[in-house]
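The values are calculated or read from the model by the stated rules, or taken from the named source; none is laboratory data. All values reported here derive from a predicted model rather than from experimental measurement. Heads up, the Cβs are rebuilt from the backbone with ideal geometry, glycines too, and the neighbour counts pull from every protein chain shown.
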Amino acid sequence: MTLDPRVLELLSDPETHDPLELGDNCLINPKSGQSYPIREGIAVFLQEASGRNRKYQTMYDRLAPGYDLAERLFYWISRKPDRRLGFIPELEVPAGARVLEVSVGTGGNLPFLREDIEFFGLDLSWGMLRRCRHNLKRWHRSANLFHGEGERLPFRDAVFDCVYHVGGINFFSDKARAIAEMIRVAKPGTKIVIIDETEKVVSQQYRENPFTRRYYASEDRLASAPTDLVPAGMREIQTRLVSAGNEYCLTFRKP
Ligand SMILES: C[S@@+](CC[C@H](N)C(=O)[O-])C[C@H]1O[C@@H](n2cnc3c(N)ncnc32)[C@H](O)[C@@H]1O
């Protein structure tokens, strides 16, 4: 992988936050000696997913090959407008912004963003990231992709102009830690946007769908906006429903 030195300057060890150096097809923490491989151009910061994340990593790895097709079929059959149009305007993406999507999946939000940005995407599922890389080629878009957990971001403090998440936080192993991480890597003044499905969708669709129900059958948590996990001191905290009530959108600004 030829890693742009400017990108290397933004990275840090997800466990210790020490700066990293580029090694032979890997990133190295010179303090601890810990090395993180770079596979197929994607920096790998995940050895084994933590806690409940493992279950959803397996689920998304299995869904990944058919994920985009299923989404396209849904919109074609239902004739509904793309739900992303309902929340993309919530993102504040100035010209030339450095943007981070936590849980980038197959990259479905990227085509809705302006082209003059520096885009970073992280995901738990290797399968989803590979689909994302494939899509980037189709869309002639570039991005820096990372395999890791939202709870442990491999970035230095205060480096992103826009930080957002769509579609997974309801069942993260540690939602509070993931939110704290999104805040840590955002520059002061950044609006942070968190979107995920409401319980209505989880109980009526995911717990019923033959491809997903086995993962949700043992899930004892209900899906709801993690507004109570936003740390004190954040400004302009707002939660509203989007996508005809199928998703919530939690936004706040880092002071
Ligand atoms: C429904 S998909 C949404 C993908 C993309 N954000 C979109 O809007 O199309 C949810 C994604 O969250 C990822 N994910 C789930 N738990 C995660 C975690 N703890 N850390 C990072 N990504 C996670 C999954 O691998 C999956 O790609």
| Does K31 meet the test of being charged (D, E, K, R), at pLDDT 90 or above, more than 13 Å from the ligand (Cβ to nearest atom) and surrounded by fewer than 16 Cβ atoms within 10 Å (Cβ to Cβ)? | yes
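Please pick out the residue among L145, L222, L153 that is touching a helix residue (DSSP H, G or I) at 6+ places or on another chain (Cβ under 7 Å), buried (at least 18 other Cβ atoms within 10 Å of the Cβ) and in a loop (DSSP other than H, G, I, E, B).
Working: L145 fails: in a loop (DSSP other than H, G, I, E, B); L222 fails: buried (at least 18 other Cβ atoms within 10 Å of the Cβ).
Exactly one of L145, L222, L153 is touching a helix residue (DSSP H, G or I) at 6+ places or on another chain (Cβ under 7 Å), buried (at least 18 other Cβ atoms within 10 Å of the Cβ) and in a loop (DSSP other than H, G, I, E, B), namely L153.
In contact with a helix residue (DSSP H, G or I) (Cβ under 8 Å, 6 or more places away or on another chain) and assigned to a helix (DSSP H, G or I): is that true of I88 in this structure? Please lay out each step first, then the result.
Values: in contact with a helix residue (DSSP H, G or I) (Cβ under 8 Å, 6 or more places away or on another chain): yes; assigned to a helix (DSSP H, G or I): yes.
Yes, satisfied.
Based on what the data block shows, is L85 touching a strand residue (DSSP E or B) at 6+ places or on another chain (Cβ under 7 Å) and either under 25 Å from R253 (Cβ atoms) or among the hydroxyl-bearing types (S, T, Y) (or both)? Give the derivation first.
On the way: touching a strand residue (DSSP E or B) at 6+ places or on another chain (Cβ under 7 Å): no; either under 25 Å from R253 (Cβ atoms) or among the hydroxyl-bearing types (S, T, Y) (or both): yes.
Criteria not met by L85.
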| field | Residue among Y75, Y60 that is at pLDDT below 95, under 20 Å from E247 (Cα atoms) and not basic (K, R) | value | Y75
| message | Cβ-Cβ distance below 7 Å, separation of 6 or more or different chains: which pairs start in the stretch 90-107 with a residue that is under 21 Å from R240 (Cα atoms) and end on one that is more than 6 Å from the ligand (Cβ to nearest atom) and assigned to a loop (DSSP other than H, G, I, E, B)? | response | V93/L113; V93/R114; V93/I117
| Any hit, the stretch 202-209, residues being modelled with pLDDT of 95 or more and surrounded by 20 or more Cβ atoms within 10 Å (Cβ to Cβ) | no
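Which of the residues spanning the stretch 107-136 are hydrophobic (A, V, I, L, M, F, W, C) and more than 7 Å from the ligand (Cβ to nearest atom)?
Of the residues in the stretch 107-136, the ones hydrophobic (A, V, I, L, M, F, W, C) are 110, 112-113, 117, 119-120, 122, 124, 126, 128-129, 132, 136.
If the condition is that a residue be hydrophobic (A, V, I, L, M, F, W, C) and more than 7 Å from the ligand (Cβ to nearest atom), then L110, F112, L113, I117, F119, F120, W126, L129, C132, L136 are the ones that fit.
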| query | What number of residues within the stretch 8-52 are closer than 23 Å to H134 by Cα, in contact with a helix residue (DSSP H, G or I) (Cβ under 8 Å, 6 or more places away or on another chain) and assigned to a loop (DSSP other than H, G, I, E, B)? | reply | 2
| message | Just to be sure before I move on: is I179 of a type in the set (A, V, I, L, M), more than 14 Å from the ligand (Cβ to nearest atom), more than 25 Å from E115 (Cβ to Cβ) and not in a loop (DSSP other than H, G, I, E, B) in the structure I sent? | response | no
| said: For a quick check of your reading of the model, give me the residue pairs whose first member lies in the stretch 55-72 and is without any contact (Cβ under 8 Å) to a residue 40 or more places away in the chain, whose second is near the ligand (Cβ under 8 Å from one of its atoms), with beta-carbon atoms closer than 8 Å and at least 6 apart or on different chains. | reply: E71/G108
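Is it the case that the stretch 138-145 has a residue that's within 21 Å of K187 (Cα to Cα) and not polar (S, T, N, Q)?
We begin by selecting, within the stretch 138-145, every residue within 21 Å of K187 (Cα to Cα); these are 143-145.
Filter again for not polar (S, T, N, Q), leaving 143, 145.
Yes, the stretch 138-145 has at least one match.
Do we find that I194 is in contact with a Pro (Cβ under 8 Å, 6 or more places away or on another chain), hydrophobic (A, V, I, L, M, F, W, C) and in a strand (DSSP E or B) in this structure? Steps first, please.
On the way: in contact with a Pro (Cβ under 8 Å, 6 or more places away or on another chain): yes; hydrophobic (A, V, I, L, M, F, W, C): yes; in a strand (DSSP E or B): yes.
Judged against the criteria, I194 is a match.
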| field | Qualifying residue in the stretch 163-181 (condition: within 24 Å of D61 (Cβ to Cβ) and among the basic types (K, R)) | value | yes
